[in-house]
Amino acid sequence: MSQIQESELTEKRLQLDSEQFLSFTLGKEEYCVDILRVQEIRSWEPVSRIPNVPSYEKGVVNLRGSIVPIIDLRERFQLGRSEYTPLTVVVVVQAHIGDKTRIMGIVVDTVSDVIDVNKKLIQGAPNFGTKVSTEFISGLVSVNNRMVMLLDVDKLLRLDGVDDDDDTVKAATSH
């Protein structure tokens, strides 16, 4: 086998072993989500507020005829509030919750890059005990000497109580 063929074969193996993620920042920390779950990236725009929702649920926007809830990921992770700047963006993602697909926007400080991650290099989320929730973190990976947290979009976008009610209704109607 020639060196060119070996090189192409090695490159194909690397592509099979890797996934692409969209990375973004919240404060000084870097996070990423599966690029296949990202529908679009938008600049921050004012939302229509919804009463009696948690503070991290900022409201809704009309996205080409679809009403899309917007959550502030910084507040969701209890990292404090931050003023929205021209760099603040909304990443519109798709989550699969049960048999439903939910589209939501997440407010992040900045979008960084699309990164290729070798699946073999993904490490599990550390266990900090019951006081710190790591349920949204599906893994950790080192990219160019930076620690990046991989987020589980499905768990991240499960709204408190909403899907529990749906599950309760399903359970009640199935009997």
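Side notes on the structure shown:
- With R₀ fixed at 30 Å, the C-beta to C-beta distance from Leu63 to Asn145 puts the FRET efficiency at about 0.25.
- Overall form of the stretch 78-118 per C-alpha gyration tensor (a/c, 1.5; a/b vs b/c): oblate
- Here the calculated FRET efficiency for Val111 and Asn52, from their Cβ-Cβ distance with R0 = 35 Å, stands at 0.70, rounded to the nearest 0.05.
- Pairwise FRET efficiency - Gln5 versus Thr25, Cβ, R0 = 45 Å, nearest 0.05: 0.65
- Fully extended contour minus Cα-Cα distance, from Ile122 to Ile35, at 0.36 nm per residue: 29.7 nm
Throughout, read-outs are computed from the coordinates displayed, never taken from laboratory work. Bear in mind that the values here come from a model prediction, so they are computed numbers and not experimental data. Counting neighbours? That spans all protein chains shown, and the Cβs are built from the backbone with ideal geometry, glycine included.
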